[in-house]
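In what follows, a single structure is set out as structure tokens and then discussed.
The values are calculated or read from the model by the stated rules, or taken from the named source; none is laboratory data. Every value quoted in this text rests on a predicted model; they were computed, and no experiment measured them. Please note: Cβ atoms are built from the backbone with ideal geometry, for glycine as well, and neighbour counts cover all protein chains shown. Ligands, DNA and RNA are stripped out before the accessible areas are found, and what is left, the full protein with its side chains, is counted by its heavy atoms. Shrake-Rupley method; radii C 1.70, N 1.55, O 1.52, S 1.80 Å.
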Amino acid sequence: MTSTSTLQAAAGAPAATRYDVQRVRAQFPALAQTIYENKPLVYLDNAATTLKPTPVVDVIAKHYAMEASNIHRGLHYLSERATQAYEGARRRVAGFINAESEAEIIFTSGTTAAINLVALGHEALLRKGDEIVISHMEHHSNIVPWQMLRDRLGVVLKVVPINDDGELILEAYEKMLSPRTRIVSMNYVSNSLGTVNPIKAVVDAARAAGAITLVDAAQAVSTRPVDVQALGCDFLAFSGHKLFGPTGVGVLYGRRERLEAMPPVFGGGDMIANVTFDKTTYNTIPHKFEAGTANIAGVIGLGRAVEYVQALGLGPIAEHEADLLGYATQRLSDVPGVRIIGTAGDKVAIISFIVGDVHAHDVGSILDQDGVAIRAGHHCTQPVMDRFGVPATARASFSIYNTRTDVDALVSAVTKVKDLFG
Ligand SMILES: Cc1ncc(COP(=O)(O)O)c(C=O)c1O
């Protein structure tokens, strides 16, 4: 067992309880650079992807340099080492979300792949007229896979409405559940509004209705402790790259009995027990769902990223980001013409906004010239844009290494937008 203090030292995290943002920043080389004629980089595009700390970059480089080999099938030293590192990451992820067993952790290429895996894995269990419930604030990756099922199978897709603050209307959701509800798939935290959904209540109501639950935790796992047993969900998905880990790797948690009942979706190496031309029997979980050579370095990097976050502590992280959210909300609200979209009572540090009638892309470009990186567009949530009657928003999203100085840089650049466009 690694002690917390060893982990903190390894992660470069503060040993004291006070959150030491400068020590965190020192672990992210990208933040030390200047761009566009000596402007410091102000990275506020964390909901799209986070920067990567040195320990994560190092462990990936070390894997490729020293232990690159295929896992599970090798009888040799390097393969054994890579297998241990890969399976070690699985154990760490299982602990991170409090899965009962590491067999419940399936590595995918990301949240999108994980949701598609659940959708395809349930195709044979669904009948025409069965109902799938999602919300109005889902990312496209939690809309389109279900629409595809709807169009193929004739299942009904129901959408829970949201209010003017961008909050789920829970009473409407509860009324929507019926004996035909088979699957409820909802995000824990909205990537465009920042809303934190009452996900435990959502899961409880779905279970009472006998439905299978999938939680899209892509924006949740870096901002709050997520405990799949306490939530009681059947499935939960997240991506490595939004958690300071590499791109192209993610996690599908599935409750053991659900995974055992679900047929494999991809066939190939590693997912089999025995193959003849007549018949194939499948490997046990989680391997049944991991066909082909995995993203080995990605998984190892994700394991290290999880270790990094655990060392910092999700409590101190949440406190730090709540401070940034409060400060940025107040300062942006003071800029004439700025309208914040997404004003839920429970929010993470994601702020979508518009500046008068300036197009969000123009806002993004002007901010970029000042070294301030934000995202502008529909954020893969076009129905949310429609709900609020805007084509796009600018979105600033804050993370573990951001500071109030970053907020000041954002506000000063937004003020420039106002001045330029009048
Ligand atoms: C809430 C949410 N769900 C799903 C996704 C898709 O994640 P990925 O592109 O890593 O598969 C995102 C990414 O922005 C997201 O924010």
Could you tell me the calculated FRET efficiency between Leu125 and Gln330, based on Cβ-Cβ distance and R0 = 60 angstrom, to the nearest 0.05? 0.80
With a 1.4 Å probe and all protein chains in place, put Arg180, Arg91 in order of accessible area, largest first. Arg91, Arg180
Equivalent-ellipsoid semi-axes of the range 117-240, from the Cα gyration tensor, Å, largest first: 21, 16, 14
Accessible area of Arg25, 1.4 Å probe, to the nearest 10 Å²? 50
Considering the Cα trace of the range 32-164, what is its radius of gyration and what is Dmax, both in angstroms? 21.0, 60
Per-residue SASA entry for His320, accessible area with 1.4 Å probe, Å² rounded to 10: 30
Which whole-number percentage describes the relative contact order of the range 323-422, with Cα contacts under 8 Å and a sequence gap of 6 or more? 33
Efficiency of FRET between Val156 and Gln22 - r from beta-carbon atoms, R0 56 angstrom, step 0.05: 0.60
Quick one: work out the % antiparallel among DSSP beta bridges in the range 61-310, nearest 5. 45
Only Lys, Arg (+1) and Asp, Glu (-1) charged, at Cβ; the range 295-422 dipole about Cα centre in debye: 180
Mean-square fluctuation maximum in Gaussian network of the chain, Cα pairs under 10 Å, restricted to Val24, Val118, Val56, hits Val24
Mind jotting down the distance between the C-alpha centroids of the range 87-104 and the range 349-378, whole Å? 38
For Glu307, Glu319, the accessible-area ranking with a 1.4 Å probe, largest leading, is Glu319, Glu307
Could you tell me the center-to-center distance, by alpha carbons, between the range 212-267 and the range 23-73 in angstrom? 23
Dipole magnitude of the range 61-310 about its Cα centre (Cβ charges: Lys, Arg +1; Asp, Glu -1), debye to nearest 20: 340
Find the relative contact order for the range 151-309 and round it to a whole percent, using C-alpha pairs within less than 8 Å whose residues are 6+ positions apart. 15
Over the range 204-265, what is the relative contact order in whole percent, taking alpha-carbon pairs under 8 Å and six or more residues apart? 26
Everything considered on the Cα gyration tensor (a ≥ b ≥ c; rounded for a/c under 1.5, else prolate if a/b is larger than b/c, else oblate), the chain must be described as oblate
Of all DSSP beta bridges located in the chain, what percent are antiparallel, nearest 5? 60
Which of the listed residues, Leu214, Ala47, His122, is farthest toward the dipole's positive end in the chain, when Lys, Arg count +1 and Asp, Glu count -1 at the beta-carbon? His122
If you place +1 on the Cβ of every Lys and Arg and -1 on the Cβ of every Asp and Glu, how big does the dipole about the Cα centre of the range 52-126 come out, in debye to the nearest 20? 240
For the range 61-310, what ratio Rg/Rh do Cα atoms give with a Kirkwood hydrodynamic radius? 0.99
Helix-only mean residue ellipticity at 222 nm, the chain, DSSP H runs n ≥ 4 weighted -39,500 (n - 2.57), per residue, nearest 500. What is it? -12000 deg cm²/dmol
Shape of the range 185-306, Cα gyration tensor, a/c cut at 1.5: oblate
